[in-house]
Amino acid sequence: MTDVLNILLALLILGLAVWTIVAREAYAAAIGFIAYGLLLTLVWVQLRGIDVALTEAAIGGGLTGVLLIGAAARLRSTESAARAERPGPATRWVAALVSVAVTAALAICVLALPVPAPTLAAEVSANIAVTEVLNPITAVLLAFRAMDTLLEAIVLLFALIGVWSLAPDRAWGGRPGLLQQADPNGMLAYVARVLPPIGIVTGAYIFWVGADNPGGKFQGATILAAMWLLVMMAGLADAPPIRRAWLRWLLVAGPLAFIGIGVVGAMTAGAFLAYPHGFAKPLILVIEFALMPTLTLILGLMLLGAPRRGEAP
Amino acid sequence: MSVVLAWWTVLAVVAGAVFFLAGTVGLLRFPDSLTRLHALTKADNLGLGLVVLGLLPMVDSVSAGLKLICIWLLVLLSGATAGQLIARTVRRDGSPS
């Protein structure tokens, strides 16, 4: 019975993926992509990857989906012109050949994987007690592969700088996004008052249980960023001008704390990002706490886009 | 007792699934945005409500049951809001048909 459901789910995802690619309108494709991300979440739940499922729902479906919808909205004016351009047969053949070649290369890679797959899972589970973190995903991300997580945070910061660099010169340092004018007594303003308390508690909870259960700073930060965006969309608060010193400091605080702890590790424990014996859990907590506001701000500001207006509200 | 509860779960979840099916059929078949919204919100509100009510006797702990109810209430809130916002856009800009 479960097999039948799993096969149906896989077929549904494949069908939706094809639909998303062949959809004529960018907006429809973005909606298809969000549904695809939510279905993929179900797959991760079926595979018992609850951490990955949470991340997929929050970032793969939600955040990326909103980014794509924003991109589709901006491309709408150019869409009919783009559709009128018919690529010639040569372009189509080359595109088809390249796609087939990429698919074939991926298939060969997957089929050529050694059986059993090389794994460090046994060593991780043998040494996980040292970190005092019960959720193996968090232990891997912040103890055994802390370098990856540090680079991830820095990559996000670069992505935000990339978004900001699209700002016109006159708006540089100003407020990102458009000024929202929603009805102060409307439905959206009501939800923007009711939902954030629940969302903030949920985000903090998901962040805190990340040590022992599925969850963590990324998923929690996404929820907090969503609440922040909701309040701004309802016009209850305005986006901060990006020239503010406190904003810049918060944006780099997480990675700076991470690097600082890494340097201390290099001096006391013998390697960059190594934790002194017995201090693993508290140091992981410090890193998580430092990264949380940084990630929330980066994710929210990335969705707001480049600065488009001056400092005046 | 447990047999009664099991039957309650089956009945309520099936009834919820019927609402989801009807909502989906309505979404595909109804002529304009407002009637389609009407079909969709029934699936969210009543369908999910019945599924949650049906699953309540099956949970292991009180907190799990409360989480289920919270999920239903949050979906009610977001569904009602999204419905209102879409309906207002339709009224202002006209239905995209």
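The values are calculated or read from the model by the stated rules, or taken from the named source; none is laboratory data. Keep in mind it's a predicted model, so treat the numbers as computed, not measured. Quick reminder, even Gly has a Cβ in these numbers, built from the backbone with ideal geometry, and neighbours come from all protein chains shown.
Here is how the numbers come out for the structure above:
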item	result
Qualifying residue in segment A:161-175 (condition: surrounded by 12 or more Cβ atoms within 10 Å (Cβ to Cβ), aromatic (Phe, Trp, Tyr) and in contact with a Lys or Arg (Cβ under 9 Å, 6 or more places away or on another chain))	yes
Qualifying residue in segment A:246-265 (condition: free of Cβ contacts under 8 Å to residues at least 40 places away in the same chain, of a type in the set (D, E, K, R), outside any helix (DSSP H, G or I) and assigned by TED's automatic domain parsing to the domain that holds residue A:142)	no
Test for residue B:49: is it closer than 30 Å to residue A:201 by Cα, within 13 Å of another protein chain (Cβ to nearest Cβ) and not acidic (Asp, Glu)	no
Residue in segment A:1-43 that is nearest to residue A:215 (Cα to Cα), counting only those that are under 16 Å from the mean Cα position of the chain (by Cα) and among the aromatic types (Phe, Trp, Tyr)	A:36
Test for residue A:218: is it in a helix (DSSP H, G or I), away from chain B (no Cβ under 14 Å) and at pLDDT below 90	yes
Matching residues, segment A:196-215, being at pLDDT 90 or above and under 18 Å from residue B:74 (Cβ atoms)	A:196, A:197, A:198, A:199, A:200, A:201, A:202, A:203, A:204, A:205, A:206
Those residues of segment A:7-36 which are under 20 Å from residue A:96 (Cα atoms) and hydroxyl-bearing (Ser, Thr, Tyr), in sequence order	A:20
Hits in segment A:44-67 (condition: free of Cβ contacts under 8 Å to residues at least 60 places away in the same chain, part of a helix (DSSP H, G or I) and more than 13 Å from the chain's Cα centre (by Cα))	A:44, A:45, A:46
Residue count, segment A:203-243 (criterion: out of contact with any helix residue (DSSP H, G or I) (no Cβ under 6 Å at 6 or more places or on another chain), free of Cβ contacts under 8 Å to residues at least 60 places away in the same chain and under 21 Å from residue B:82 (Cβ atoms))	2
Conditions (1) surrounded by 10 or more Cβ atoms within 10 Å (Cβ to Cβ); (2) in a helix (DSSP H, G or I); (3) among the β-branched types (Val, Ile, Thr); (4) under 29 Å from the mean Cα position of the chain (by Cα); number of the one not met by residue A:133	(2)
Selection count where residues are within 13 Å of chain A (Cβ to nearest Cβ) and surrounded by 13 or more Cβ atoms within 10 Å (Cβ to Cβ), scope segment B:79-97	11
Any chance residue A:173 is more than 14 Å from chain B (Cβ to nearest Cβ), on the phi > 0 side of the Ramachandran plot and under 17 Å from the mean Cα position of the chain (by Cα)	no
Positions within segment A:182-215 being surrounded by fewer than 19 Cβ atoms within 10 Å (Cβ to Cβ), over 18 Å from residue B:70 (Cβ atoms) and more than 14 Å from every other protein chain (Cβ to nearest Cβ), in sequence order	A:184, A:212
Residue list for segment A:106-130, filter: surrounded by 10 or more Cβ atoms within 10 Å (Cβ to Cβ) and under 28 Å from the mean Cα position of the chain (by Cα)	A:106, A:107, A:120, A:121, A:124, A:125, A:128
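Conditions (1) touching a residue at least 12 places away in the same chain (Cβ under 8 Å); (2) of a type in the set (Asp, Glu); (3) farther than 20 Å from residue A:198 by Cα, marked per residue:
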residue	(1), (2), (3)
B:1	no, no, yes
B:7	no, no, yes
B:26	yes, no, yes
B:50	yes, no, yes
B:62	no, no, no
B:69	yes, no, no
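Conditions (1) within 30 Å of residue A:159 (Cβ to Cβ); (2) in contact with a Pro (Cβ under 9 Å, 6 or more places away or on another chain); (3) assigned by TED's automatic domain parsing to the domain that holds residue A:141; (4) not polar (S, T, N, Q), marked per residue:
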| residue | (1), (2), (3), (4) |
| --- | --- |
| A:1 | no, no, no, yes |
| A:28 | yes, no, no, yes |
| A:46 | no, no, no, no |
| A:60 | yes, no, no, yes |
| A:93 | no, no, no, yes |
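One line per residue, one yes/no per condition, for (1) farther than 30 Å from residue A:257 by Cα; (2) without any contact (Cβ under 8 Å) to a residue 40 or more places away in the chain; (3) not in a loop (DSSP other than H, G, I, E, B):
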| site | (1), (2), (3) |
| --- | --- |
| A:73 | yes, no, yes |
| A:77 | yes, yes, yes |
| A:97 | yes, yes, yes |
| A:110 | yes, yes, yes |
| A:115 | yes, yes, no |
| A:126 | no, yes, yes |
| A:140 | no, yes, yes |
| A:155 | no, yes, yes |
